[in-house]
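Participant: Can you read through this structure? Questions will come right after.
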Amino acid sequence: MDVATGTAWGTPGQAAYDFRSDYVTTPNAAMLQSIINTSLLDDVMMEDPTTNSFQVFMAGITGHEDSLLVLSGTMGNQVALRSALCSPPYSILCDIRSHIIRMEAGGAATLCGAFMEGIAPSNGHHLTLDDVKKHATVREDVYDCPTRVISLENTLSGTIMPLEDIRAISNWAHSSDPPIHMHLDGARLWEAVAAGAGSLKDYASCFDSLSLCFTKGLGAPIGSIVIGSSSFIKRARWMRKLLGGGLRQAGVIAAPARIAVEQIFLSGRLREGQQTAKRISEMWAKMGGKLQHPTETNMIWLDLEAAGVDKDHFADMAENVGIKTMRGHLQGRLVVHYQICPDALDSLASLFAEIHKALYTKTVHGNL
């Protein structure tokens with residue numbers, strides 16, 4: 001029993017009413033049981049069978065040679081980038097909105113000493129080969145800081161980067177001289193696959209390294225994974241150790257992570273959440289609301305400014321009807337996960353109706 005919330009382990013509890021993110025889920029009973037039954041040997045010495053088996057499993061379903069369990073999505077990205085960048089000067093090209101440039105405490109600059117070149121997609125949605133060609137530094141003149149890594153993110157703000165554009169960028173990067181390393185921040189790649197945009201292997205085949213997160217959407221209590229070639233993962237294991245991420249009894253992380261992949265991703269549970277997200281978007285639109293970004297997976301971005309709603313007030317209003325929403329720079333974002341309950345949707349409908357009523361009253365009075 002969780003003394004703080006009064007909810008039993010293995011039940012959604014407050015996650016059922018929490019739209020802040022898809023990492024607020026609690027591990028289900030099968031995940032918790034897997035921790036009890038896991039092996040407890042040392043992963044730094046690569047002796048734990050549960051962890052070793054899981055890493056082979058993840059490499060297999062992505063079509064790569066090897067993988068490495070890490071503690072978080074940020075650690076996964078930073079281990080991968082540090083492993084790919086060997087001899088400066090070097091730069092990393094990425095979308096200006098991407099997690100590695102905005103949400104990882106400047107890790108690539110601190111840990112790698114890399115120049116981060118964030119670029120805005122010309123189409124307003126996702127980077128294209130033309131964007132990359134325009135901004136990548138392929139010369140090696142004494143004045144240059146060559147692009148050594150192209151880091152893409154999928155999904156990004158819940159939107160899907162099309163497979164055809166990724167393939168075009170990948171083919172160009174790998175044909176460059178020297179080849180440019182392709183990395184994917186695939187924390188929520190599960191969602192792109194669930195939406196039918198391409199298979200896990202389709203996407204993974206375009207990258208030399210990728211990171212996947214088990215807490216975002218899948219409900220595992222902890223953990224991400226870095227995937228790549230055997231030689232790359234050998235170096236990544238070294239970099240993980242350097243960053244303090246060497247794990248001892250790693251089975252307690254690997255076991256529930258495998259349950260999460262099998263029970264939530266491979267069983268198709270994410271598709272349900274995406275359908276719910278689209279219903280929420282439609283509900284908002286029917287009341288006259290606008291969106292900041294299209295709802296393509298499990299994220300809804302409400303345009304609160306267009307609705308005349310103060311962002312802090314919106315979060316307060318949500319709390320008043322019993323649901324949690326994000327505060328700060330991500331206000332207006334609603335994230336659906338598989339533990340959201342029907343009652344939470346009813347509460348959200350009440351919130352939208354209240355906002356719509358206030359906007360209608362304001363509009364009518366303003367016209368008088």
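The values are calculated or read from the model by the stated rules, or taken from the named source; none is laboratory data. What you see is a predicted model, and the numbers here were worked out from it, not measured in a lab. Cβ atoms come from the backbone with ideal geometry, glycine included; neighbour counts cover every protein chain shown.
Participant: When you check Leu212 against the structure, is it buried (at least 19 other Cβ atoms within 10 Å of the Cβ) and not basic (Lys, Arg), yes or no? Even if it seems obvious, please write down each step before you answer.
Facilitator: On the way: buried (at least 19 other Cβ atoms within 10 Å of the Cβ): yes; not basic (Lys, Arg): yes.
Yes, satisfied.
Participant: For the range 143-164, how many residues meet the condition of being over 22 Å from Ala108 (Cβ atoms), surrounded by fewer than 22 Cβ atoms within 10 Å (Cβ to Cβ) and touching a strand residue (DSSP E or B) at 6+ places or on another chain (Cβ under 9 Å)?
Facilitator: First pass over the range 143-164, keeping only residues over 22 Å from Ala108 (Cβ atoms): 158-160, 162-164.
Okay, now just the ones that are also surrounded by fewer than 22 Cβ atoms within 10 Å (Cβ to Cβ), so 159, 162-164.
Next cut, touching a strand residue (DSSP E or B) at 6+ places or on another chain (Cβ under 9 Å) only: 159.
The qualifying residues number 1.
Participant: Moving on to the next point. Of the conditions (1) out of contact with any Phe, Trp or Tyr (no Cβ under 8 Å at 6 or more places or on another chain); (2) among the charged types (D, E, K, R); (3) part of a helix (DSSP H, G or I), Glu296 satisfies every one except a single condition; which number is it?
Facilitator: (3)
Every residue, every condition in (1) surrounded by fewer than 21 Cβ atoms within 10 Å (Cβ to Cβ); (2) of a type in the set (Gly, Ala, Ser), yes or no:
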{"position": "Asp208", "(1), (2)": "no, no"}
{"position": "Ile227", "(1), (2)": "no, no"}
{"position": "Lys234", "(1), (2)": "yes, no"}
{"position": "Ala257", "(1), (2)": "no, yes"}
{"position": "Ser281", "(1), (2)": "yes, yes"}
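Participant: Would you pick out the residues in the range 9-60 that are under 14 Å from Arg248 (Cβ atoms), among the charged types (D, E, K, R) and assigned to a loop (DSSP other than H, G, I, E, B)?
Facilitator: Those that are under 14 Å from Arg248 (Cβ atoms), among the charged types (D, E, K, R) and assigned to a loop (DSSP other than H, G, I, E, B): Asp43, Glu47, Asp48.
Participant: Run down Glu117, Glu104, Glu140 and say which single residue is surrounded by fewer than 21 Cβ atoms within 10 Å (Cβ to Cβ), touching a residue at least 24 places away in the same chain (Cβ under 8 Å), of a type in the set (D, E, K, R) and over 22 Å from Tyr203 (Cα atoms). Walk me through it before giving the result.
Facilitator: On the way: Glu104 fails: surrounded by fewer than 21 Cβ atoms within 10 Å (Cβ to Cβ); Glu140 fails: touching a residue at least 24 places away in the same chain (Cβ under 8 Å).
Of the residues listed, the single one that is surrounded by fewer than 21 Cβ atoms within 10 Å (Cβ to Cβ), touching a residue at least 24 places away in the same chain (Cβ under 8 Å), of a type in the set (D, E, K, R) and over 22 Å from Tyr203 (Cα atoms) is Glu117.
Participant: Let me ask something else. Right, Thr276: under 18 Å from Asp22 (Cβ atoms) and not assigned by TED's automatic domain parsing to the domain that holds Asn154 or not? Step through it out loud before you land on a result.
Facilitator: Working: under 18 Å from Asp22 (Cβ atoms): yes; not assigned by TED's automatic domain parsing to the domain that holds Asn154: yes.
Yes; evaluated as a whole, the condition is true for this residue.
Participant: Checking Leu291 against (1) closer than 23 Å to Ala192 by Cβ; (2) within 20 Å of the chain's Cα centre (by Cα), only one condition comes out false. Which one?
Facilitator: Condition (2) is where Leu291 drops out.
Participant: What number of residues within the range 63-85 are surrounded by fewer than 24 Cβ atoms within 10 Å (Cβ to Cβ), more than 12 Å from Arg240 (Cβ to Cβ) and of a type outside the set (Asp, Glu)?
Facilitator: Initially, the range 63-85 is screened for residues surrounded by fewer than 24 Cβ atoms within 10 Å (Cβ to Cβ), giving 63-66, 71-72, 74-75, 82, 85.
Checking the rest, the ones that are also more than 12 Å from Arg240 (Cβ to Cβ) come to 63-66, 74, 85.
Those still in the list that are of a type outside the set (Asp, Glu) too: 63-64, 74, 85.
Qualifying residue count, the range 63-85: 4.
Participant: If you scan the range 226-269, which residues turn out to be in a loop (DSSP other than H, G, I, E, B) and either touching a residue at least 40 places away in the same chain (Cβ under 8 Å) or farther than 14 Å from Val44 by Cβ (or both)? Spell out how you get there, then give the answer.
Facilitator: Step one: of the range 226-269, the residues in a loop (DSSP other than H, G, I, E, B) are 229, 243-248, 250, 266-268.
Scanning the range 226-269 gives Ser229, Leu243, Gly245, Gly246, Leu247, Arg248, Ala250, Leu266, Ser267, Gly268.
Participant: Still on this model: If you go through the range 158-212 one residue at a time, how many are over 15 Å from Gly73 (Cβ atoms) and assigned to a loop (DSSP other than H, G, I, E, B)?
Facilitator: Narrowing the range 158-212 to residues over 15 Å from Gly73 (Cβ atoms): 158-182, 192-208.
So of that shortlist, the ones also assigned to a loop (DSSP other than H, G, I, E, B) come out as 158, 160-162, 176-180, 195-199, 205-208.
Counting residues in the range 158-212 that are over 15 Å from Gly73 (Cβ atoms) and assigned to a loop (DSSP other than H, G, I, E, B) gives 18.
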